[in-house]
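S.K.: One structure coming up, written as structure tokens, with questions to follow.
The values are calculated or read from the model by the stated rules, or taken from the named source; none is laboratory data. Keep in mind that what you see is a predicted model, and the values were worked out from it rather than measured. These accessible areas exclude ligands, DNA and RNA; they are computed on the full protein's heavy atoms, side chains included. Shrake-Rupley method; radii C 1.70, N 1.55, O 1.52, S 1.80 Å.
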Amino acid sequence: MSVASDPRSRGKSGRRAHCAWTIITLVLSAAALPGGAAVAAQVTAIVGATVIHPELEGAAVVAPDSTILISGNRITAVGPAAQTRAPRGAVVIDAHGKWVIPGLVDSHVHFFQSGDLYTRPDVVDLNFLVPYAEEVRRNQARLADTFRVYLASGVTSAADVGGPFWNFDVREAARASRAAPRVAATGPLISMVARPQLDLGDPPIIRIESPEAARQLVARELSRKPDYIKVWYIHRPGDDRLAVHATELLVAKSALRAGADYLVHSVQDEPVDEEFIALARARHILYCPTLFVPLGYVYALSGLWQPTEAEQRLADPDVLARLHLPEGTAIEHLPERMAKLLKEHREPALPAVAMQNLLTVWNAGITVVMGTDAGNIGTVHGPSVFREMDLMQRSGLTALQVLKSATVNGALTVAVPDLGSVAPGKLADLVVLDADPLADLANLSRGSYVLRDGRVFRPGELLQPLRTATAP
């Protein structure tokens, strides 16, 4: 009987079971696909790893010297290495001295944006350097590279919570690709403010001036089967109506009363109160802090943005290069906001209220999901998750709580219940790490292998096409 049909199969000893395995070096596999994806074998065994179960508590969270068996795209068995037998001919990943976690979920991204200086002309207009139409064409042309960056960073699922109608094509491209994260997608934001600078015929933000116009836009989006409908709820001095992008306490509570299921940003202006907590509990909402994104803007527009070590290894090098102005750019030609920030050249303050609210919300039992708002200026796709998780821990969450927000809870964002944990029957979206992430969250960026739907990737091989394309 095969392991796929009976995951309870056990060998008599670790030595005897080991002799039955066929050790295959994945990087040299003749079946390797371009870019480092190996054709998923009938059974893959990850042997000797310390498995982290973020959905559990206490001593059960960490399971040392474990074996994980995968058949097709599903986990079929997880157990002690000495007792969990792999079948003859299995593809084996030797994970002694390594850690395995569920694949990470970034619960807030925007694929129509790149993260570079030219991606939000409504914030800072640099069309004289790079026309926005050129920027959008670049983002569409490099979509496959963006997918690879996410996988290389251990992000096996991402939720795009607002963009043009071609967002739905992004989702289909991810489904058709052998080297892409799972993608949940939302269409244009239903907004009470206009952003004409972003309108090239398929705008990501559409101003709605009547209930009927809102219903018509929602009907257009529903025809594409969106994973969410997103409302950009803005409140400004003098406004007599509130409508969601809920970063203020007043607006957030109004959104919850109106039936919001997912707050995609922190409450940033003042501490959350008991009314907010009660509304959030009653709605069973998801709460996404997005702590780093406002800092990313300030770092980039003030000339202070520098890649982290993880971003140097894992981000799209083309985007990293475009986060700095071309040499010789005259400051007097720049938009007023950017010129002012460049002159001040001042380190931004941490979002203290948002960080305090994150801890309050978590302690109140509200479901927190990790999300970056990647694609905004200074928040690059992929490895920005590590900046975000660092700030979440600095807010007072433990490493395990942060990991839970990015795995177990993130599975709720993309509405795939078979994700988020390492257990029999679950989808085989996993990351094999070189070091313990509970000892240091920075170790989450140290992936040896990433598995998506049972297919095995090496981060360095995933990124090779990007490195080659930008080599001098």
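S.K.: Quick check: from the Cα gyration tensor, does the stretch 287-359 come out rounded (a/c under 1.5), prolate or oblate? Before the final figure, lay out each step's value.
M.R.: On the way: a/c = 2.77, a/b = 1.36, b/c = 2.04.
Judged from the Cα gyration tensor, the stretch 287-359 comes out oblate (a/c at least 1.5, b/c at or above a/b).
S.K.: Amide H neighbours of Arg74 under 5 Å, counting only residues 5+ apart in sequence or on other chains, H built in-plane at 1.01 Å?
M.R.: For Arg74, the qualifying residues are Ala428.
S.K.: While we're on this one: Whole-Hz Karplus ³J(HN,Hα) for the stretch 249-266, in order, using 6.51 cos²θ - 1.76 cosθ + 1.60 and θ = phi - 60°, x for Gly and Pro?
M.R.: 4, 4, 5, 4, 5, 4, 4, 5, 4, 7, x, 4, 9, 9, 8, 8, 9, 5
S.K.: Can I ask one more? Using modelled backbone amide H atoms (1.01 Å from N, in-plane), which distant-in-sequence or interchain residues come within less than 5 Å of Ala315's amide H?
M.R.: Under 5 Å from the amide H of Ala315 lies no amide H from a residue far enough along the sequence or on another chain.
S.K.: Which entries of Lys225/Lys404; Lys225/Lys426; Lys343/Lys404; Lys98/Lys426; Lys98/Lys225; Lys253/Lys340 show an alpha-carbon separation above 31 angstrom in the structure shown? Intermediate values should be presented prior to the final figure.
M.R.: Values: Lys225/Lys404 28 Å; Lys225/Lys426 25 Å; Lys343/Lys404 41 Å; Lys98/Lys426 21 Å; Lys98/Lys225 40 Å; Lys253/Lys340 34 Å.
In this structure, Lys343/Lys404; Lys98/Lys225; Lys253/Lys340 lie more than 31 Å apart at Cα.
S.K.: Which order do Asp125, Asp316, Asp436 take when ranked by solvent-accessible area (1.4 Å probe, heavy atoms of all protein chains), largest first?
M.R.: Numbers: Asp125 75, Asp316 15, Asp436 45 Å².
Result, largest first: Asp125, Asp436, Asp316.
S.K.: Here's a follow-up. Need one word for the stretch 59-139: rounded, prolate or oblate. Basis is the Cα gyration tensor (sqrt eigenvalues a ≥ b ≥ c); a/c below 1.5 gives rounded, then a/b vs b/c decides.
M.R.: Prolate, since a/c reaches 1.5 and a/b exceeds b/c.
S.K.: Could you report the accessible area of Ile190 in Å², rounded to 10, computed with a 1.4 Å probe on the protein chains as they sit in the structure?
M.R.: Rounded to the nearest 10, that gives 20 Å².
S.K.: Once phi is turned into ³J(HN,Hα) by the Karplus curve 6.51 cos²θ - 1.76 cosθ + 1.60 with θ = phi - 60°, what whole-Hz value does each residue of the stretch 116-121 show in order, with x for glycine and proline?
M.R.: Once rounded to whole Hz, the list reads 8, 5, 9, 8, 9, x.
S.K.: Asp269's amide H: which non-local residues (gap 5+, or another chain) put their own amide H closer than 5 Å, with H modeled 1.01 Å from N in plane and none for Pro or chain starts?
M.R.: Excluding prolines and chain starts, which carry no amide H, the hits are Leu249.
S.K.: Which ³J(HN,Hα) values in Hz, rounded to whole numbers, follow from the phi angles of the stretch 360-368 under the Karplus curve 6.51 cos²θ - 1.76 cosθ + 1.60, where θ = phi - 60° and Gly and Pro get x?
M.R.: Result, rounded to whole Hz: 4, 5, 4, 5, 7, x, 7, 6, 9.
S.K.: Moving on. Under the rule a/c < 1.5 gives rounded, and otherwise a/b versus b/c splits prolate from oblate, where does the stretch 414-472 land using the Cα gyration tensor? The partial results should precede the final answer.
M.R.: Numbers: a/c = 2.60, a/b = 1.50, b/c = 1.73.
Here the stretch 414-472 falls in the oblate category.
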